[in-house]
Each structure stands twice: as C-alpha cells, then as structure tokens.
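Engineer: What follows is a structure written as structure tokens; I'll ask about it next.
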Amino acid sequence: MANLFGCDWTREALLDRVEDMAQLAGTRRGKLTEGNEAGTEWVEMWNSSGLSLTVLPGRGLDIAQAQYNGIPLCFRGSTGDLNPAHYEPDGFGWERGFFAGLLTTCGFTFVGHPETDAEEEDIELGLHGRATFIPARRVGTDEGWQGDEYTVSVSGRVRETVTGGTNLELTRSITLGLGEKALVIRDRIENLSRRLTSPLMIVYHCNAGFPIVNEGARVLLSSAKSIDTADGAEVDGRAFGAIGAPAPDNGEAVYVHTLNATAEGTATVAIVNDQLRDGFGLYWKYNSAELPVLSQWTHFVSGSYVIGIEPGNCSVMGRQANREAGTLEHIAPGEVREFTMEIGVLDGAEEIAAFEASLP
C-alpha cells in the first residue's frame, strides 16, 4: 500500500483515479545536446513522494541530480555531465568530469590519488578509477505493481575490462517505491576473467551540498574508530561532526570511520540541518560487512562547499594504504560480490530524532 499525499492507497483505489501510472511515478529517457555534455544519456525517475533523480547510463549509471520537494539533495560540480568520450584517465584528469551529484562511483580496481602499485599492474593508476566514465550496456527501465506496491527502476551493466587482463562487470539497479522517500541501489560485481584474480575497490562517493550542508548542520554517525588521514590521529565527533561556514581559506579533510552496526549488521550515517524547514536531512543505510569502511570528505571552501559521504569496501586512500590497513580486497575468477545501499530523506525534527536515537 502506497502512502501518497497524506493517505494510504491500495492498488485498486489508485487505478480508479489515474489512467496512466506515469501521472504518479515513472521514468523518462533523453540525451544532452550541447558542449562537452553532448551525447550523454539521462534517465529521470520520480515517485510522487517529492523525490526525483537523474541517472546517467553513459556515466556508469551514477546519479547526477536529486531533489526532494524542490530541495537539492546534492552538490554539483562545475564540469557538468561530461560525455565519457572526454574522460582524461591520467593523473587527476578524473576531476575534469567530476559532476559530483548524489552518487559518483569510484573503482572498480582502484580508488585513491594517482598511484603506481608495483605489486599489481605496476602502472600509474589515475584518480579514483574508471567506473564513473564507463557507459552502461543493456540499460533498461521498468515500472510495475507487485501486489499493492508500485516501483520504478533503471538497471544496466558496466564492465571494466582490458583484453587479456581485468574483466569485472557491475550489474546495477536503482529503485524507487511509489510514495517512498528513499532510493535503493543494488550492485552485483562479478569477475568474468577465467584466470585472473583482481583487486576489488569500490566506494560510493555521495556528495551532499547546500542547503542541507550549511553552517550549523551536523554529521550523525556512531563510530568505533575515526581517523584523520592528515596525520593518522584518532578523532571524535568534535572534529568531524560539526559543519562550518564556507571560507576562501578553508582546506579539505578526509576522515576514515569504522562504524558501529546494529545486531543485523546495518550501518547508518546522516547529515542533518535542524534549521532547514522543521529539520531536514539525508541518510545512508547499508550492510557493514559489504561496505566496512566509511570515508568522509569535508570541503568547506567558498564556491565549492560539499561533504562527501563515501561508504566502501576500502577507504579513498589508495592501494598501498588499504593494503597496510588490511582493507584491500581481491575478487577471484568467477566470484561475485553484492552491495546494497539505501539513501533517503529525513523530513522533520521527529524523523531526525528517531534516526539519532537509532544509532547503535
């Protein structure tokens, strides 16, 4: 049963009132036509909760835009939705196409600053890997009923491969339920190589921005251990929990957290702004066994004001740092790994208080 416009509705009751369910929820596909975005495909998704998304099949099925009742949920970089044909893989060239958005996927074989890993390929690996610049194949959209539940989704496959070498394929689906204030990302990565074990590094680079990110907003999480990567020192919420105002001379910081999880193994984190409306926030929920590391990027610089919430199976600190920390994973030929993450809205002081009270 869907909760819409303050009421619960059965399937039959809704179908009595609409001829086409696209009036309430659906998907629409198109293509950008100008500048370095020309040719980039997009899929718009909406579900009558006030939540809408723009997914880019040409950019690894990442989420470039997200809004809730007119409130932007994410930071947008100045590059626009760069067509992947313009990708610059060397060094920090990744940044020339970093639209940020609600989700930029980092990986699948490397995450971190440019680095040469003599124990693996022994070549320079560009910033944060290739995943977000690989166009998806077998892209499809779907809308339909399952009992009284109506969902809309987009799915496809993204393969990072080189002839005779790495051959990893991501199968991704992004789903919205009718009337729900959350989206669910389901990823499945398979090593299609017959003989090569590969490093597996995946980080969900989620980028919150104004107006959720503003002076006085807060990061809510429960951490067993938090490290400031600048000096390796252990820190507490006083270092990473408070959000300051933008300033020209503010630098950036990266914290790496090991979150406490519920008895069911669920990890949660949120950014909340108690001064926005009656309190407003954005939360992430995922399996801590699948994604045991949370990197937090803070960048409170004037004109580029953003916090990255970045769950991953590794940190954003590169191969060697993850190897030393024991968080560098590999995937064997034929092996499959699955990752599921929910991203949702906290609307109002009551929902924020309930979330905060639920932290393990």
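Each reported figure results from applying straightforward, stated rules to the coordinates on display, with no laboratory input. What you are looking at is a predicted structure, and each value in this text was computed from that prediction instead of being measured. Please note: Cβ atoms are built from the backbone with ideal geometry, for glycine as well, and neighbour counts cover all protein chains shown.
Engineer: Which one, (i) 71, 63, 48; (ii) 64, 47, 45; (iii) 61, 61, 37, gives Cα extents along the principal axes in Å as derived from the coordinates shown?
Structural biologist: Evaluating Cα extents along the principal axes in Å on these atoms matches (ii).
Engineer: Would you work out if the range 191-333 is rounded, prolate or oblate? Take a ≥ b ≥ c from the square roots of the eigenvalues of the alpha-carbon gyration tensor; rounded if a/c is under 1.5, else prolate when a/b is larger than b/c, oblate otherwise.
Structural biologist: Prolate shape, in that a/c is at least 1.5 and a/b is the bigger ratio.
Engineer: For the range 200-208, just list the computed ³J(HN,Hα) in residue order, Karplus coefficients 6.51, -1.76 and 1.60, θ = phi - 60°, integers in Hz, with x standing in for Gly and Pro.
Structural biologist: Ordered by residue, 3J(HN,Hα) equals 10, 10, 9, 9, 8, 7, 9, 10, 8 Hz.
Engineer: On to the next question. Taking 0.36 nm per residue of sequence separation and subtracting the Cα-Cα distance, how much length would be gained by fully extending the chain between His113 and Ala245, in nm to one decimal?
Structural biologist: Extra length available between His113 and Ala245 comes to 44.9 nm.
Engineer: Describe numerically, in nm with one decimal, the distance between label points set 7 Å from Cα along Cα→Cβ at Asp20 and at Ala332.
Structural biologist: 5.2 nm
Engineer: Give the relative contact order (percent, whole number) for the range 2-358; include only Cα pairs under 8 Å separated by 6+ residues. Numbers along the way, then the final one.
Structural biologist: Numbers: 940 pairs, mean separation 55.9, N = 357.
Once normalised by length, the contact order is 16 percent.
Engineer: Rounded, prolate or oblate: which fits the range 1-88, taking a ≥ b ≥ c as square roots of the Cα gyration tensor eigenvalues, rounded meaning a/c under 1.5, else prolate when a/b beats b/c? Please report the intermediate quantities before stating the final value.
Structural biologist: Values: a/c = 3.69, a/b = 2.26, b/c = 1.63.
Prolate.
Engineer: Can you classify the range 211-251 as rounded, prolate or oblate using the Cα gyration tensor, where a ≥ b ≥ c are the square roots of its eigenvalues, rounded means a/c under 1.5, and otherwise it's prolate if a/b beats b/c and oblate if not?
Structural biologist: oblate
Engineer: Something else: Could you work out how far apart the two model spin labels at Ala233 and Asn214 are, taking each label as a point 7 Å from the Cα in the direction of the beta carbon, and quote it in nm?
Structural biologist: Inter-label distance under the simple model: 3.2 nm.
Engineer: Give a quick list of chymotrypsin sites (Phe, Trp or Tyr not before Pro) in the range 21-117 that DSSP marks as loop, anything other than H, G, I, E or B, with at most 16 other Cβ atoms within 10 Å.
Structural biologist: When the chymotrypsin sites (Phe, Trp or Tyr not before Pro) of the range 21-117 are filtered for loop state and at most 16 Cβ neighbours within 10 Å, Phe92 remain.
Engineer: Related question: Mind listing the long-range amide H neighbours of Leu125? Cut-off is under 5 Å, sequence gap 5 or more, other chains count too, H placed in the peptide plane at 1.01 Å from N.
Structural biologist: Correct list: Glu115, Thr116, Asp117.
Engineer: Calculate the FRET efficiency for Arg277 and Glu121 from the Cβ-Cβ distance with a Förster distance of 45 Å, rounded to the nearest 0.05.
Structural biologist: My answer for the efficiency is 0.40.
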